[in-house]
Amino acid sequence: MLTNFPDATYNLFAFPAEDNFAGVKYPLEWVTLFQQRHRGEQGTGNWLTLLDAAAFVPCNDLDLSRYPAHFVTVSFYKMFGYPTGIGALLVRNDVTDLMQKTFFGGGTVVLSSCDTHFCLLHPQPCTRFEDGTPSFLAIAELKYGFDKLLQLGMTNITRHVTVLTRYLYDQMAAMRHGNGRPVFTIYGKHQLGDTSAQGPIVNFNAMDAAGRYIGYSTVQDLTAAAGIHIRTGCNCNPGACFDYLSVSSAEVEKYSLEKTSCGDEMDLADGKPLGGVRISLGYLSSYEDVAALVGFLRRTFVNAAGAV
């Protein structure tokens, strides 16, 4: 049959190794902590863990023998910068039978009936859940990305991006307008100076000399004109975004009546930013890149009066 649900109760705890908005890292020990919760506690059932490692693995080692999450998501685009739109869900063999499909697509079945609700799914889990034709041309290109990471070494990549991130944060945090007001509000845990708590992302909003926020769309237009590529908005992470920006759920509903898309130019509401400006650093980033960005930020936003 298409579905054969287990009798036991299963719970799923999902968390990111590193959030993609501000680059904050979360304890990998949570993987084993939740796997140990189950048993014996009436009504809790079995706990499975899903680790979102998409933002973490491009610049960090991940030892799955030490942190054996049942499910792990990765993005090859974030790891290598190419090809786009391809990633993977890693699934432990001991939980594949718990993943019951309620539909099927091309390439995932052995036989199916047109007159009854019956189909025999492919016995291999990886094939069973890949509906349609995978992007095999893009998959063939992944070899060169893995080769490059192995050549550079993940330890070297981690050290490289850590130094660049710290330099960028220190320079931005020190910038002041002539009246002493800070130029940027920076999100995350950079102030701790702890690489186990903060990854290579600097997310911020700019402020003018009066302390008023400058919309992220304005910042994006200025950086684009200067040949600098950044990402703005909530980065598909409204939870972290609105928490850092102190935007309540009621305000989200209120502002949704005016916004037309996540990419429109409504970047401020009632004086609050509705997103941030994200700088992501990786193995291809250089000191020259960061120094050029610091110079641009200083020239453009220090002593800015009103909207730039």
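The values are calculated or read from the model by the stated rules, or taken from the named source; none is laboratory data. Everything numeric in this text was worked out from a predicted model, so none of it was measured. With ideal geometry, Cβ positions are generated from the backbone for all residues, glycine too; neighbour counts draw on all protein chains shown. These area figures cover heavy atoms from the full protein model, side chains too; ligands, DNA and RNA do not enter into them. Shrake-Rupley method; radii C 1.70, N 1.55, O 1.52, S 1.80 Å.
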remark   = Candidates Asp19, Asp61, Asp221; GNM for the chain (alpha-carbon contacts under 10 Å) flags as most fluctuating Asp221
message = Using a Gaussian network model on the chain with a 10 Å cutoff between Cα atoms, which of Asn20, Asn46, Asn179 fluctuates the most?
response = Asn179
inquiry  = Relative contact order for region 140-268: what percent, with Cα pairs under 8 Å and sequence separation of 6 or more?
reply    = 16
ask   = What residue among Phe71, Thr162, Thr108 has its Cα farthest toward the positive end of the dipole of the chain, where the charges are +1 on Lys, Arg and -1 on Asp, Glu, each on the Cβ?
value = Thr162
query = Among the trypsin sites (Lys or Arg not before Pro) within region 201-263, which fall in a DSSP loop and have no more than 16 other Cβ atoms within 10 Å of their own Cβ?
reply = Arg212, Lys259
query = In the chain, which cysteines lack any other cysteine Cβ under 4.7 Å from their own?
reply = Cys59, Cys114, Cys119, Cys126, Cys236, Cys262
key: Per residue solvent-accessible surface (Å²) - region 18-99, probe of 1.4 Å   = 50
key: Helix 216-225 vs. the chain, principal-axis angle (Cα, 0 to 90°, nearest 10)   = 80
inquiry  = Suppose the Debye formula is applied to equal point scatterers at every Cα of the chain; what is log10 I(q)/I(0) at q = 0.14, 0.15 Å⁻¹?
reply    = -1.18, -1.27
remark   = For the Gln191, Asp115 Cβ pair and Förster radius 45 Å, calculated FRET efficiency rounded to 0.05 is 0.10
remark   = Here the net charge surrounding Val183, from other residues whose Cβ is less than 14 Å away from its Cβ (Lys, Arg +1; Asp, Glu -1), is +3
message = On a full-extension model of 0.36 nm per residue, what is the gain between Met154 and Ile139, subtracting their alpha-carbon distance, rounded to one decimal in nm?
response = 3.3 nm
Extension reserve of the Asp7-Ala250 stretch, reckoned as 0.36 nm per residue once the Cα distance is removed = 83.5 nm
task = Take Thr260, Thr84 and sort them by solvent-accessible surface of the protein heavy atoms, 1.4 Å probe, largest at the top.
result = Thr260, Thr84
key: Listed residues His229, His160, His177, most fluctuating in the chain (Gaussian network, C-alpha, under 10 Å)   = His229
query = Just going by the charge dipole of region 238-286, with Lys and Arg at +1 and Asp and Glu at -1 on Cβ, which of Tyr244, Ser280, Cys262 is farthest out on the positive end?
reply = Ser280
inquiry  = Run through region 213-264 and list the GluC sites (Glu not before Pro) located in a DSSP loop whose Cβ has at most 15 other Cβ atoms within 10 Å.
reply    = Glu258
inquiry  = Rounded to the nearest 10 Å², what accessible area does Tyr67 have for a 1.4 Å probe in the complete protein model?
reply    = 30
query = Taking the Cα centre of the chain as origin and charging only Cβ (+1 Lys, Arg; -1 Asp, Glu), how large is the dipole, in debye to the nearest 20?
reply = 740
Helix 136-152 vs. the chain, principal-axis angle (Cα, 0 to 90°, nearest 10) = 60
query = Hey, what angle do you get for helix 287-301 against the long axis of the chain, alpha-carbon based, 0 to 90 degrees rounded to 10?
reply = 50
ask   = Given labels modelled 7 Å from the Cα in the Cβ direction, how far is it in nm from Phe146 to Glu258?
value = 5.0
note = Relative to the compact-globule estimate 2.2 N^0.38 Å (N residues), the Cα gyration radius of region 89-171 stands at a ratio of 1.78
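What net charge is computed for the residues neighbouring Asn20, neighbours being all others with C-beta under 11 Å from the C-beta of Asn20, Lys and Arg scored +1, Asp and Glu -1?
So the surrounding residues net to 0.
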ask   = Number of Lys-Lys pairs in the chain under 29 Å by Cα, sequence gap 8 or more or different chains?
value = 13
query = Say each of Ile86 and Leu62 gets a label point 7 Å from the Cα, pointing the same way as Cα to Cβ; how far apart are those two points in nm?
reply = 1.8
query = Across the Cα atoms of region 132-266, what radius of gyration and what greatest pairwise Cα-Cα distance (Dmax) are found, in Å?
reply = 18.9, 60
request  = Note down the nm distance, to one decimal, between modelled labels 7 Å out along Cα→Cβ at Ile228 and at Thr32.
outcome  = 4.3
